[in-house]
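Notes follow the structure.
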Amino acid sequence: NLSGPASNHYAKVSVNFEISKDADEEEMKQRKPQFRDKIISLLNSKKMDDVQGSEGRSALKDEIKSVVNTFVTKGKVEGVYFSTFVVN
């Protein structure tokens, strides 16, 4: 659910990561629940206007990348891609 006064809007998002060559794929798999939790929290803090349009989505990708990289100890996430992005 997105934030805002009496908001009944939601976002359905599927996220894919591009990782650096030195990243540990096993670590990425193990941290998937942490990534999901932080991404959901991040989306819950956004208003509908924050995630609409290409600028909003680009900013959201940058924020997701920053949040995810705080958990990764080997390598890093270099790119964030949405395979599904629906806002209602």
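The values are calculated or read from the model by the stated rules, or taken from the named source; none is laboratory data. Here the structure is a predicted model, which is why all the values come from computation and not from measurement. All Cβ positions, even for glycine, are placed from backbone atoms using ideal geometry, and neighbour counts span all protein chains on display. Surface accessibility is based on the protein's heavy atoms, side chains included, excluding ligands, DNA and RNA. Shrake-Rupley method; radii C 1.70, N 1.55, O 1.52, S 1.80 Å.
Normalised by the number of residues in the chain, the average gap of Cα pairs under 8 Å and 6 or more apart makes the relative contact order 52 percent.
Annotation: per residue accessible area for the chain equals 66 Å², rounded to a whole number [probe 1.4 Å, protein chains only].
Under the simplified labelling scheme, the SER7-THR84 pair shows an inter-label distance of 2.0 nm, with each label point 7 Å from Cα along Cα→Cβ.
Please state the shape class of the chain: rounded when a/c is under 1.5, otherwise prolate if a/b exceeds b/c and oblate if not, all from the C-alpha gyration tensor. Since a/c reaches 1.5 and a/b is larger than b/c, the shape of the chain is classed as prolate.
Rounded to the nearest 10 degrees, the inclination of helix 53-69 to the longest alpha-carbon principal axis of the chain is 40 degrees. For VAL80, nonlocal amide neighbours, meaning residues 5 or more places apart or on other chains whose placed amide H falls under 5 Å from its own, are GLU18.
The C-alpha atoms of the chain define a longest principal axis, and helix 32-44 lies at about 30 degrees to it. With all protein chains in place and a 1.4 Å probe, the accessible surface of the chain carries 44 percent carbon and sulfur.
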